[in-house]
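The values are calculated or read from the model by the stated rules, or taken from the named source; none is laboratory data. Owing to the predicted nature of the structure, the values given are computational and were not obtained by experimental measurement. Positions of Cβ are generated from backbone atoms using ideal geometry, with glycine treated the same way; all protein chains shown enter the neighbour counts.
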Amino acid sequence: MEDSFISHWHDFGRAFLDGATKPSLPALLGTLGVAISIFLLFVTLLTPDFLATKGYGYFFDGPTDNYAYLTSETLRISKTAKSPQKNIVLMGASNIKEAVHAKHLEQLLQDKTKQPIKVYNLTAGGLFLWEEICLLDKIRNRFRGIVVLQITPTRRLALDRDHLSKGGITRHSRLAMYCPKFDEEMHIAGVSKPQWIGNYFLDFYKFFVVRLPALLKNVVTGPVQWSPQQAHKWRPPTQKQWERSVNHLVKWQKTYHENRDTNFEVYRRLIRYLREDGIETAFLEAIRNPAAEDLIFAKPEVVKIYQEYKSDVIKFAQEMQIPYWDLAKFANFKSEDFIDTVHLKKDKARHRYTAVLATRITDMLSTQ
């Protein structure tokens with residue numbers, strides 16, 4: 001009986017393989033027909049509204065697909081969010097994503113303020129400031145409260161314009177959204193405005209095509225839930241990877257002076273733009289592994305320019321009348337709390353840091 005069962009599956013496997021590798025004309029026409037039908041469905045039915053509601057989670061290529069989540073969540077907020085008394089938006093790269101537990105932060109803020117506060121987590125690995133502008137442009141009319149913006153010399157103030165094209169964001173391939181403010185900022189940066197066709201699928205086909213296999217799977221298994229904390233599953237870096245990461249954390253000093261003022265102006269325009277809608281901003285400094293800091297600040301020239309960076313940020317924050325929070329020292333981080341140079345892996349450390357951040361946000365809310 002067992003042999004017969006296995007034999008049948010072998011026969012099925014051979015038949016399936018023959019059909020896949022030796023297509024007949026009818027099979028080829030059928031394949032083309034299915035492909036054309038899927039294409040026409042995407043062109044006619046796929047819209048930002050659909051992705052934000054009925055299609056939410058179906059285009060996620062697993063729980064770590066940060067940019068599918070960012071696109072879907074931002075569109076969801078822009079279409080369906082209701083504004084309670086205050087909202088908080090967390091915005092930044094993987095450093096902040098792994099350091100702050102958004103649901104815990106939301107509960108702490110509600111307990112402290114006795115208000116129905118909602119925390120939106122719009123963080124992702126490698127997120128650029130210009131992409132943050134796009135996200136905020138979509139949701140700024142849907143909430144009132146505070147945007148907590150990550151600030152760091154590496155991927156923010158020292159970043160040159162060449163990284164915009166290298167990161168792929170000038171083609172909107174990472175986020176599937178129309179963002180006029182993003183286009184405006186890219187024009188200021190010297191990048192030509194995208195020529196949109198006007199069809200959502202065709203304009204962002206790269207975003208959707210690479211996720212088609214995931215969509216077909218998710219239609220059967222159900223929508224995917226995004227997992228914000230992922231570092232505890234990563235492999236610890238090798239010695240070479242650790243050294244490369246430490247070197248990356250000091251490379252920014254070479255491009256800081258030439259790009260600082262230009263990038264501060266981007267922040268200035270964004271803060272003023274949000275303030276027009278009654279939204280306030282706070283700067284949140286990125287965190288680092290104490291073991292990495294010991295190596296980074298062993299060089300006097302790095303200490304000097306980092307002190308200059310801190311002074312620049314504090315001065316700019318005072319000018320814009322926004323708080324600047326560098327909270328790592330209050331969370332009592334230890335080297336073993338981190339998986340690498342900048343990402344937390346332990347929940348206890350994450351909750352300590354989240355609690356410190358909740359206190360600062362509560363203080364800021366009390367003054368508004």
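Mind listing whichever residues of segment 171-187 are at pLDDT below 60 and either over 25 Å from ASP65 (Cβ atoms) or surrounded by 17 or more Cβ atoms within 10 Å (Cβ to Cβ) (or both)? If the condition is that a residue be at pLDDT below 60 and either over 25 Å from ASP65 (Cβ atoms) or surrounded by 17 or more Cβ atoms within 10 Å (Cβ to Cβ) (or both), then HIS172 is the only one that fits.
Scanning segment 338-351 for residues that are crowded, with 19+ Cβ neighbours inside 10 Å, under 26 Å from ILE146 (Cβ atoms) and more than 19 Å from the chain's Cα centre (by Cα) yields one hit, ALA349. Among helices (runs of 4 or more DSSP H) entirely within segment 250-368, having at least 3 residues that are closer than 27 Å to ILE139 by Cβ singles out 256-275, 300-320, 347-366.
None of ALA292, ALA286, ALA282 is over 30 Å from LYS86 (Cα atoms), of a type in the set (A, V, I, L, M, F, W, C), touching a residue at least 40 places away in the same chain (Cβ under 8 Å) and surrounded by 18 or more Cβ atoms within 10 Å (Cβ to Cβ) except ALA292. One residue stands out among those in segment 193-242 that are outside any helix (DSSP H, G or I) and of a type in the set (Val, Ile, Thr): the one that is nearest to ALA349 (Cα to Cα), which is THR238. On the given criteria, is TRP196 out of contact with any Gly (no Cβ under 7 Å at 6 or more places or on another chain), crowded, with 17+ Cβ neighbours inside 10 Å and farther than 25 Å from PHE283 by Cα? No. Counted as qualifying within segment 51-148 are the helices (runs of 4 or more DSSP H) with 2 or more residues that are of a type outside the set (Asp, Glu) and more than 13 Å from the chain's Cα centre (by Cα), namely 66-80, 102-113, 129-139.
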